[in-house]
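Chemist: Take this structure, written in structure tokens, and hold onto it; I'll ask about it next.
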Amino acid sequence: MVDGLNKGLRKVEIAVRWDPSPAGQPTTDLDLVAATYLADDPHGDPAYVVHFDSRSPDGTITLNRDSKDGQGFGYDEVMTLELDRLDVRYARVVVGVVIQQGPAERTFVSVGNPGLRIREGYNVLTEDDFGGVLGATAATVAEFARDGSGPWGFRSGLRGFEGDPVDFTRTMGVAHRP
């Protein structure tokens, strides 16, 4: 786990971009999802999940930009995690990207020019193009964790998921037990 300059991470931005679907094709909709886990069960069920039509109860995780078709400028979907404000009862946050499924199952191989950027301020923590999970319908993209009230650390790495997006949100943090 990397922790930013010994103080840990404070406010992190996760951003996803993709190109619109070709003319005549169904739109492509990627969604950022964040799940929080309690300190007494950091790999169990999420305490709560933030996605396109929800928010964190305390306002520390917000979806700042939501695109349903990739027709934004630059990054189409943006989520902010204010880790420094997150209550000490939370020890872990896992972030993922889900491809909304339409009449036919879609995987990252069918998404035009996808990209991911995670940064704190101007410091880019990681960037990726989803090339390692082309057959997946969803993927975890980051994990933030801390011990007690200590600093937040960051672990990058895409892990693909094949299946229903609802199942992904229930299991996205459980599947990565150390």
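The values are calculated or read from the model by the stated rules, or taken from the named source; none is laboratory data. Owing to the predicted nature of the structure, the values given are computational and were not obtained by experimental measurement. Every residue, glycine among them, receives a Cβ derived from its backbone with ideal geometry; neighbour counts consider all protein chains shown. When the accessible area is computed, the model is the full protein with side chains, heavy atoms only, and any ligands, DNA or RNA have been set aside. Shrake-Rupley method; radii C 1.70, N 1.55, O 1.52, S 1.80 Å.
Chemist: Regarding segment 1-135, what are the three Cα extents along the principal axes, ordered largest first, in Å?
Modeler: Result for segment 1-135: principal-axis Cα extents of 49, 31, 26 Å.
Chemist: Further question on the same structure: Under unit Cβ charges (Lys, Arg +1; Asp, Glu -1), what dipole magnitude, rounded to 20 debye, does segment 43-178 have relative to its Cα centre?
Modeler: Value, rounded to 20: 260 debye.
Chemist: Once Lys and Arg get +1 and Asp and Glu get -1 on their Cβ, which of Thr80, Asn123, Val16 lies farthest toward the positive end of the dipole of the chain?
Modeler: Checking the options against the dipole of the chain, the answer is Asn123.
Chemist: Let me ask something else about it. Relative contact order for segment 34-137: what is it in percent, counting Cα pairs under 8 Å that are at least 6 residues apart? Can you show the working numbers first?
Modeler: On the way: 140 pairs, mean separation 22.9, N = 104.
Relative contact order here is 22 percent.
Chemist: Same structure again: For Asp31, Asp53, Asp87, what's the largest-to-smallest order of accessible area, 1.4 Å probe?
Modeler: Asp53, Asp87, Asp31
Chemist: Express the relative contact order of the chain as a whole percentage, based on alpha carbon pairs under 8 Å and six or more residues apart in sequence.
Modeler: 28 percent
Chemist: For labels at Ala23 and Arg155 in the simple 7 Å Cα→Cβ model, what's the distance in nm?
Modeler: Going from the Ala23 label point to the Arg155 one covers 4.7 nm.
Chemist: State the percentage of accessible surface on the chain attributable to carbon and sulfur atoms; use a 1.4 Å probe and exclude ligands, DNA and RNA.
Modeler: Within the chain, the accessible surface is 48 percent carbon and sulfur.
Chemist: What distance in nm separates the two pseudo spin-label positions at Asp41 and Arg65, each 7 Å out from Cα along the beta-carbon direction?
Modeler: Placing both labels 7 Å beyond Cα along the Cβ direction yields 3.6 nm.
Chemist: Could you check the simple spin-label distance between Ser54 and Asp87, using points 7 Å along Cα→Cβ, in nm with one decimal?
Modeler: If labels sit at Ser54 and Asp87, their model points lie 1.6 nm apart.
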